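*Asks:* There's a structure below that I have some questions on.
Read-outs: derived from the displayed coordinates by stated rules, not from any lab. Note that the coordinates shown come from a computational prediction; the quantities given were computed from them, not determined experimentally.
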Amino acid sequence: MEKNLEPIAKGPSRAVDESRRGGTDLEESQNQASCTINPSEMPERVARWRTLFGHALGYLLTPSEAVFKFKNTTDLKSELGELVKLERICCAHVSWNLDETPHGLTLTLKADAKSLESFVSAFAPALSLAAVTEVGR
């Protein structure tokens, strides 16, 4: 039985590793035409996503969809919930879906190939959408 995490988890959220440090090499991390995030917020956001993707158990990437699997822990659920809420505001052109099962959390992003490639290359630079890729389950 899947549970959609539409009501975002209650309480304060924080990066999974308890930090809020900025990232580096952000030139590629913002597609100005499609993302409306305030540039001063970008280093923190990139750092949070990169930390989060370091906890991914597996992923499936296609040109129009990216699916990421995570353990179902309180910290991961809280951070994913908050980041999805923030991204829905600044990147409304991407469909953001976060589902919870007893076995884990699944983050599914759907967008045009250019927008999805921009997001993945900025926030999970080790991944590539050049070809369908699947790791883990």
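*Asks:* Provide the gained length on full extension for the span Ser64 to Asp112, in nm with one decimal, where the gain is 0.36 nm per separating residue minus the Cα-Cα distance.
*Replies:* 16.7 nm
*Asks:* Taking only Cα atoms of the stretch 71-125, what ratio of Rg to Rh do you get with Rh as the Kirkwood inverse-distance radius?
*Replies:* 0.99
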